[in-house]
Amino acid sequence: MKRLSVLRHAKSSWDDPHLDDFDRPLNERGWKSARRIGAEMKRRHMRFDLVLASTAARVRETIDGVQEEFDFDAPIQFEPRIYMTTEGTLLELIRALPEKVKAPLLVGHNPDLEHLLVGLTHDDKDGLRRRIASKYPTAALAVVELPAKKWADIESGSGEIVELILPKELD
């Protein structure tokens, strides 16, 4: 069984309309949500052994905000292919994870993460997949269990979302 956590970046700022999308920072609400998710990760004693993240500014700042409350205690690998990508590329990155990685956290963007989560999983009794399919909000964290012995063997539709944490539900 493999376990993959997926975090969407927190809310970004649109204050500067001339700023390139890649360089957009978090807004104040985004910083608050990132800290809130970090505090919840800490409360749940979550552990990761690799953070695989987009190189975009808002993802880097989301990681910074999370780390104000939660120490990843894991290497952070910034991967340019996560920015403006596809579900297929994300799946390739996951399938290429080394087997020594047991608990990765993928940090990126929508709609790519939403498509990945819906594509990797089947419907669950709690309706978490259905909720993600309708909207995977900023700073949301999903945990997926995948019935595979190796990352390379992960199949579409095989996983189940076992946790969905939304900052707005933590108030």
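Since only Gly108, Pro98, Phe48 are under comparison, the one whose Cα sits farthest along the positive direction of the charge dipole of the range 2-169, derived from C-beta charges on Lys, Arg, Asp and Glu, is Phe48. The label-point distance for Asp20 and Glu69, in a model that sets each label 7 Å from Cα toward Cβ, rounds to 3.2 nm. Considering only trypsin sites (Lys or Arg not before Pro) in DSSP loops that have at most 16 other Cβ atoms within 10 Å, the longest stretch of the chain without any of them is 48-99. Springs join every pair of Cα atoms under 10 Å in this Gaussian network model of the chain, and among Val101, Val143, Val59 the largest mean-square fluctuation is at Val101. Identify all lysines with a Cα-Cα distance to Lys11 below 18 Å; exclude those on the same chain that are fewer than 8 residues away in sequence. Answer for Lys11, where 18 Å is the Cα cut-off: Lys32, Lys135, Lys168, listed by chain and number. The shape of the range 1-124 comes out oblate: with a ≥ b ≥ c from the C-alpha gyration tensor, a/c is at least 1.5 while a/b does not beat b/c. Comparing Ser33, Ser134, Ser12 in a Gaussian network model of the chain (Cα springs below 10 Å), the most mobile by mean-square fluctuation is Ser134. Over the chain, Cα pairs under 8 Å with separation of 6+ residues give a relative contact order of 32 percent. Springs join every pair of Cα atoms under 10 Å in this Gaussian network model of the chain, and among His109, His45, His18 the largest mean-square fluctuation is at His18.
Once backbone amide H atoms are built at 1.01 Å from N, Val107 has Leu7, Leu52, Ala53, Ser54 as its partners under 5 Å, excluding neighbours fewer than 5 places away on the same chain.
No lab work stands behind these numbers, since they all come straight from the coordinates. Keep in mind the model is a prediction, meaning the values are calculated, not measured. Methodologically, a virtual Cβ is constructed for each residue, glycine included, from the backbone with ideal geometry; neighbour enumeration extends over all protein chains shown.
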